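Read the structure below first, then the notes.
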Amino acid sequence: MAFGRAINRGLHRALTDDPKVLLMGEDIGALGGVFRITDGLLEEFGPERVVDTPLAESGIVGTAVGLAMRGYRPVVEIQFDGFVYPAFDQIVANLAKLRARTQGRVAMPVTIRIPFGGGIGSPEHHSESPEAYFLHTPGLRVVSPSSPQDGHDMIRAAIASDDPVVYLEPKRCYHDKGEVDLDAVPGPLTTGTVLRPGRDVTVVAYGPMVRTALQAAEVAAEEGVEVELIDLRSLSPLDTGLVECSVRRTGRLVVTHEASRTGGLGAELVATVAERAFHWLEAPPVRVTGLDIPYPPAKLEHVHLPDLDRVLDGIDRVMGRPNALDSVDAFAAPQTAEQFLAEHAAGKEAR
Amino acid sequence: MTDVDLSTEAASPPTCPPDQLQVLDAAGVRRPQPELDPWLGDVDEAMLARLHRDMTVIRRLDTEATHLQRQGELALWPPLLGQEASQVGSALALRGADVVFPSYRENGVALLRGVEALDLLRVWRGSTFSGWDPATTGVATQQLIIGAQALHAVGYAMGVVRDRSDAATIVYFGDGATSQGDVNEAMIFAASYQAPVVFLCQNNHWAISEPVRLQSRRHIADRPWGFGIPSLRVDGNDVLAVLAATRRAVERAAAGGGPTFVETVTYRMGPHTTADDPTRYQAPEELEAWRRRDPIDRLEAHLESLGAEVEAVRAESATAADALAADVRAALALLTEAAPDSVFEHVYAEPHQELERQRRELALHLTQFEGGGQE
């Protein structure tokens with residue numbers, strides 16, 4: 001079953017099981033969503049439960065907050081990652097805080113589905129990775145599935161949660177296929193999983209980067225490096241315990257995500273491992289991430305997105321093997337890129 | 001009662017909107033007002049005395065809270081002085097199951113809907129963000145993000161429709177909030193889904209220091225017509241006009257007629273909050289002009305015009321106000337603050353491992369100090 005279809009089946013199941021569940025969003029009715037994730041649900045559940053909304057993201061989330069106050073469990077679709085910002089105030093200032101504000105009297109069982117990430121050749125605002133904004137916000141849970149089975153199970157668990165959940169769908173994986181047990185009992189939303197055990201280096205990925213990381217693990221294995229691959233699944237809370245345990249065995253850590261590096265999830269995870277597992281580290285941890293740039297035009301997105309080679313290069317670096325940054329002194333004062341490239345072209349040692 | 005003028009079919013603005021609908025003129029004399037009179041059939045002297053008492057009590061709450069702020073008992077207070085008719089008239093128009101979505105200034109409305117005065121003051125003391133249970137009081141937690149609650153009210157009303165209930169939802173906001181995207185989006189959603197919502201805008205002429213003309217070049221009540229929402233513009237210092245207009249809007253919502261917008265034209269006679277200094281931006285003569293339109297004075301003049309025993313009404317209101325003030329003072333003296341660990345309690349419904357870790361870390365930190373955290 002395709003990833004997108006698995007999410008569709010999860011939504012179908014939630015609508016069937018709980019009459020308080022309803023879906024809201026732009027174009028989710030007759031069209032079935034721009035990615036067809038809600039395909040067929042309007043016909044089956046009717047316009048009171050599959051609600052096409054005006055084109056106003058703050059309005060969508062704000063009315064979902066009101067519906068939750070009335071006892072409903074709204075599942076909101078934000079059409080693309082880059083369109084969530086008009087709703088940012090309602091998410092951060094109200095959705096995330098209402099439970100604490102009311103001392104637990106008002107629950108906010110709202111799920112916000114966001115197709116996120118790049119790699120599909122989209123125009124601006126259609127390829128972003130906004131997870132850091134949300135995992136920095138107390139009161140929210142943030143999750144991202146990487147497989148059809150998780151796509152199905154985690155949307156059901158997110159809807160069943162009494163906390164607001166930002167559910168990030170790796171849009172470039174919508175057509176990935178995999179076995180899906182539709183009757184599986186959804187596990188906890190809070191844990192990561194080891195997709196591949198290995199003793200040499202811990203690679204941490206989530207959402208769209210899991211596929212790339214798996215490929216990297218396979219290639220690395222051919223070169224004699226055993227990668228332990230962790231799929232985080234949950235970004236808030238982070239399953240830091242799982243990562244710590246793994247790093248205590250491997251002594252090496254690579255974290256990879258599409259999102260920009262500064263202030264990102266990789267920074268959080270590396271800092272946590274440095275605090276809690278410093279003495280087990282054999283090498284400085286490495287982040288393989290998107291660049292600190294506005295998401296580039298489609299023809300240049302490959303420059304931004306971490307690909308197989310960049311993940312492998314990160315693995316080489318923590319393994320102490322030859323890698324792109326060998327000639328760079330990490331402690332040297334920063335140069336302008338022009339100076340650096342000029343010196344490099346002149347054949348000078350960068351250090 | 002018919003609803004001809006406000007039917008959705010008539011969704012175009014009046015070419016020349018009346019300045020504002022009044023029931024009581026400036027001298028307190030009741031004038032015929034066909035737009036509002038049908039909703040005032042039960043008004044008698046006892047009802048007028050009740051309105052007087054409620055306005056006096058919330059004014060006393062306001063005065064008392066302002067004093068308590070000056071004495072250091074409260075961190076801040078947003079006064080409602082001058083807006084008593086708008087708050088009392090609209091609150092008394094509501095029925096049992098109707099639900100209020102207030103901003104931070106509707107302390108009078110909340111009190112009249114059954115929220116304990118102490119629960120209001122605890123918020124402004126800085127003890128809690130919400131002192132009461134929205135489910136039992138029908139009053140949502142007050143909203144400090146300007147206009148954000150308008151969307152919550154509409155969403156709640158969308159749920160009411162799905163529940164086949166006839167409850168109405170009323171959202172309070174000020175003139176400043178009408179510039180917010182959320183209030184405009186709320187009108188769009190309410191109109192599209194015909195949600196049973198009353199938009200109650202207290203135009204008190206000031207958004208902190210910014211005059212209403214900065215928010216809107218036309219009457220605020222003109223704007224909803226563009227969204228397909230009928231509106232009423234009433235004298236917000238005329239408690240009967242506010243009562244009738246809100247009743248009319250609530251009745252329309254409950255009958256499935258959709259949203260209505262009510263602008264009550266009033267005046268904030270005090271500061272924005274106790275931290276504000278209106279003398280920096282407000283002309284004294286303007287304030288003086290509005291003092292002469294005091295809503296309680298207007299009602300007393302009306303009682304006099306009816307030959308009622310105004311002194312007796314005033315005395316009874318004062319007794320109720322004194323009782324509230326005494327109760328509040330006594331209750332505040334007994335207040336204790338929450339334990340440090342409580343800050344972790346309701347962030348999530350289900351356990352969050354990182355937060356649990358921080359909770360343990362803080363507990364360990366505090367055990368280093370005798371007395372559990374008091375240095």
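Since every read-out is calculated from the coordinates, none of them should be taken as a lab result. In this text the structure is predicted, and so the values were computed from the model without any measurement. Note: ideal-geometry Cβ built from the backbone for every residue, glycine included; neighbour counts use all protein chains shown.
Quick look at the numbers
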quantity: Size of charge dipole - chain B - debye, nearest 20, with Cβ of Lys, Arg +1 and Asp, Glu -1, no other charges; calculated: 560
quantity: The stretch A:193-319: relative contact order in percent, alpha carbon pairs under 8 Å with at least 6 residues between; calculated: 28
quantity: Whole-number percent relative contact order across chain A, with pairs defined as alpha carbons under 8 Å at least 6 apart; calculated: 14
quantity: Two-decimal Rg/Rh across the stretch A:170-291, once Rg and the Kirkwood Rh are taken from alpha-carbon atoms; calculated: 0.97
quantity: For chain B, radius of gyration divided by Kirkwood radius, i.e. Rg to Rh on alpha-carbons; calculated: 1.00
quantity: Inter-chain shielding of B:139-145 (mean C-beta neighbours from other protein chains, 10 Å cut-off); calculated: 4
quantity: Rounded, prolate or oblate (a/c below 1.5 giving rounded, otherwise prolate when a/b exceeds b/c) for the stretch A:1-76 by Cα gyration tensor; calculated: oblate
quantity: Selected from B:HIS302, B:HIS219, B:VAL154, residue furthest toward positive end of dipole (chain B; charges at beta carbon); calculated: B:HIS219
quantity: Relative frequency of Cα-Cα separations exceeding 14 Å in the stretch B:83-152, percent; calculated: 56
quantity: Inter-probe distance in nm under a simple model that places probes 7 Å from Cα toward Cβ, at A:ASP326 and A:ALA267; calculated: 3.1
quantity: For the protein assembly as shown, share of DSSP beta bridges that run antiparallel, in % to the nearest 5; calculated: 15
quantity: Förster radius 30 Å - calculated FRET efficiency between B:THR128 and B:ALA97, Cβ distance, rounded to 0.05; calculated: 0.70
quantity: Centroid-to-centroid separation of the stretch B:270-289 and the stretch A:259-320 [C-alpha atoms, Å]; calculated: 55
quantity: Sequence-distant residues sharing a close amide H with B:SER231 (under 5 Å, placed H); calculated: B:PHE261
quantity: Percent of Cα pairs exceeding the 43 Å cut-off, where the set is the protein assembly as shown; calculated: 37
quantity: Angle in degrees between helix A:148-160 and the longest Cα principal axis of chain A, rounded to the nearest 10; calculated: 50
quantity: Kirkwood-based shape ratio for the stretch A:274-316, expressed as Rg/Rh from alpha carbons; calculated: 1.14
quantity: Nitroxide proxy distance, nm - points 7 Å out along Cα→Cβ at B:LEU334 and A:ALA184; calculated: 5.6
quantity: Ordering of B:246-254, A:15-23 by packing [mean C-beta count within 10 Å, highest first]; calculated: B:246-254, A:15-23
quantity: Separation of the B:GLU361 and A:ALA333 label points, Cα + 7 Å toward Cβ, nm; calculated: 3.5
quantity: Filtered GluC sites (Glu not before Pro), the stretch A:159-250: DSSP coil and at most 12 other beta carbons within 10 Å; calculated: A:GLU179, A:GLU223
quantity: Considering only the stretch B:4-333, percent of DSSP beta bridges that pair antiparallel, nearest 5; calculated: 10
quantity: DSSP bridge pairs, the stretch A:193-319: antiparallel proportion in percent, nearest 5; calculated: 20
quantity: FRET efficiency for B:PHE369 and B:GLN71, using Cβ-Cβ distance with R0 set to 30 Å, rounded to 0.05; calculated: 0.50
quantity: Estimated [θ] at 222 nm from DSSP helical runs (n ≥ 4, -39500 (n - 2.57)) normalised by residues in chain B, nearest 500; calculated: -13500 deg cm²/dmol
quantity: Calculated SAXS-style log₁₀ I(q)/I(0) at q = 0.15 Å⁻¹ - chain A, Debye, Cα scatterers; calculated: -1.26
quantity: Centroid-to-centroid separation of the stretch B:45-121 and the stretch B:144-168 [C-alpha atoms, Å]; calculated: 22
quantity: Alpha-carbon centroid distance for the pair the stretch A:129-189 / the stretch B:296-318, whole angstrom; calculated: 63
quantity: Segment B:ASP297-B:ARG31, length gained on full extension (0.36 nm per residue, minus Cα span); calculated: 94.1 nm
quantity: Phi to ³J(HN,Hα) by Karplus 6.51 cos²θ - 1.76 cosθ + 1.60 over the stretch A:269-275, Hz, x for Gly, Pro; calculated: 6, 5, 4, 5, 5, 4, 5
quantity: Which of B:GLU309, A:GLU131 has the fewest Cβ neighbours within 10 Å, and the rest in rising order; calculated: B:GLU309, A:GLU131
quantity: FRET efficiency for A:HIS125 and B:ALA312, using Cβ-Cβ distance with R0 set to 56 Å, rounded to 0.05; calculated: 0.25
quantity: The stretch A:3-173: C-alpha gyration tensor shape, a/c 1.5 cut-off, then a/b vs b/c; calculated: rounded
quantity: 5 angstrom amide H check on A:THR202, placed H, neighbours 5+ away; calculated: A:GLU228, A:ARG252, A:LEU253, A:VAL254
